[in-house]
Amino acid sequence: MKWLIGSLVVLNIFAGLYAVIKQKPALDLSAREVNAGQLKLLPADWKLPQAASAPQPAAMHASAPLATIASALTPALPAPQAPQAKAASQPVAAAVAKPQEKAAAKPEASKAAEPKDSKPLPAKVEAKAAAPVASAKLCRSWGPLNPQQLERVQGGLPALKLAAQPSASVTDGLRGSGRIWVHYPPLATQAETQTLVSELRSKGFDSYIVKTDGEFHNHLSLGLFGKQAAADDLLRRLKAAGYDKGVADVRGEKVQLTTLSFKALDDATATHLKALQQRLLSGIPLQECH
């Protein structure tokens with residue numbers, strides 16, 4: 001029986017403590033403040049509009065805070081505001097403050113987001129600046145080529161599958177032995193030319209008259225030399241003997257010489273072109289061009 005009474009006493013104590021803990025503290029309305037700048041002042045003669053029908057208890061209870069605020073802010077009644085007016089005005093002030101807080105938060109959020117968009121820009125600029133380095137191309141020239149050599153080269157170019165055909169520059173050249181012929185122009189008559197031959201022989205210069213038709217008909221041929229120095233020496237001796245009309249010409253057939261220029265080549269194509277040059281015409285190397 002004692003245990004039962006003791007248990008009841010303990011339970012009552014715990015129940016009392018729980019009630020004390022769960023009891024809400026009294027709301028101190030005097031500790032709350034209202035920002036007068038967020039409230040709208042009403043004129044002194046303002047009155048609540050009267051409804052046509054009898055007001056409902058709920059409506060009267062809802063309009064009570066507004067009436068209290070109006071009476072508290074009227075200059076004619078400088079009495080201190082009641083705690084109920086402060087408590088009722090707090091929702092109005094909070095309602096005015098929330099839109100301002102949201103409006104102020106939006107610019108801050110947009111400002112914080114701006115640096116994220118601007119970060120990738122330097123990387124894009126560096127990638128564009130690096131593009132010309134990656135696209136650098138090579139240029140090679142091959143020549144001069146005579147007609148037979150040019151035909152041979154053109155037969156091997158299709159295997160390279162070039163993106164653009166090479167450009168060609170043509171010049172005039174000579175094809176032949178490359179030896180230098182020294183000759184003397186004919187005089188006015190055949191007799192005078194024959195007399196000149198006799199004079200030259202008497203002074204140690206061997207010569208004969210060209211009998212073949214053509215550009216050099218009746219010219220005096222004085223010799224054919226393999227080196228330019230030997231031809232120049234003969235001309236110098238002729239001039240010293242009083243015969244200054246001697247001429248030295250390189251013998252050969254006039255021919256067109258072509259030089260091919262290969263532009264915008266990548267490394268692989270330039271390597272294949274080098275292999276083709278070694279296989280077809282190893283004596284005419286490729287040259288760098290611009």
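When Val255, Val182 are ordered from fewest to most other Cβ atoms inside 10 Å of their Cβ, what list results? Kindly include the intermediate steps, with their values, before the conclusion.
Numbers: Val255 15, Val182 23.
If I rank by nearby Cβ atoms, fewest first, I get Val255, Val182.
Return the FRET efficiency for the residue pair Asp45, Val10: r is the Cβ-Cβ distance, R0 is 45 Å, and the value is rounded to the nearest 0.05. Can you show the working numbers first?
Numbers: r = 66 Å, r/R0 = 1.46.
Calculated value: 0.10.
Tell me the net charge near Cys289. Cut-off is 10 Å between Cβ atoms, Cys289 excluded, with +1 for each Lys or Arg and -1 for each Asp or Glu.
Values: positive: Arg140, Lys263; negative: Glu288.
With Lys, Arg at +1 and Asp, Glu at -1, the neighbours total +1.
In nm², what is the average projected area of the convex hull enclosing the Cα atoms of region 180-251?
Numbers: hull surface 18.4 nm².
For the Cα atoms of region 180-251, the hull's average projected area reads 4.6 nm².
What number comes out for the charge environment of Ile209, summing +1 per Lys or Arg and -1 per Asp or Glu over other residues with Cβ under 14 Å away? Don't skip to the end; give the middle numbers.
Values: positive: Arg201, Lys211; negative: Glu192, Glu199, Asp206, Asp213.
Spelling it out: positives minus negatives among the neighbours equals -2.
For a quick check: sort Ile209, Ile13 by the number of other beta carbons within 10 angstrom, fewest at the front.
Details: Ile209 16, Ile13 10.
Result, fewest neighbours first: Ile13, Ile209.
Please compute the net charge surrounding Ser167, taking Lys and Arg as +1 and Asp and Glu as -1 over other residues with Cβ under 15 Å from its Cβ. Write out the running numbers ahead of the final one.
Working: positive: Lys137, Arg140, Lys263; negative: none.
Net charge around Ser167: +3.
Mind putting a number on the dipole of region 180-251 about its Cα centre? Charges go on the C-beta only, +1 for Lys and Arg and -1 for Asp and Glu, and I need it in Debye to the nearest 20. Mind dumping the intermediate values first?
Values: 9 positive and 9 negative charges, 46 e Å.
With only Lys, Arg, Asp and Glu charged at Cβ, the dipole is about 220 debye.
Which of Trp181, Trp142 has the fewest other C-beta atoms within 10 Å, and how do the rest follow up to the most? Mind dumping the intermediate values first?
Values: Trp181 18, Trp142 24.
So the ranking, lowest neighbour count to highest, is Trp181, Trp142.
Values quoted throughout were computed directly from the atomic coordinates according to the rules given, and no laboratory measurement underlies them. Quick caveat: nothing in here was measured; it's all calculated off a predicted structure. As a convention, Cβ positions derive from the backbone with ideal geometry for all residues, glycine included, and neighbour counts pool all protein chains shown.
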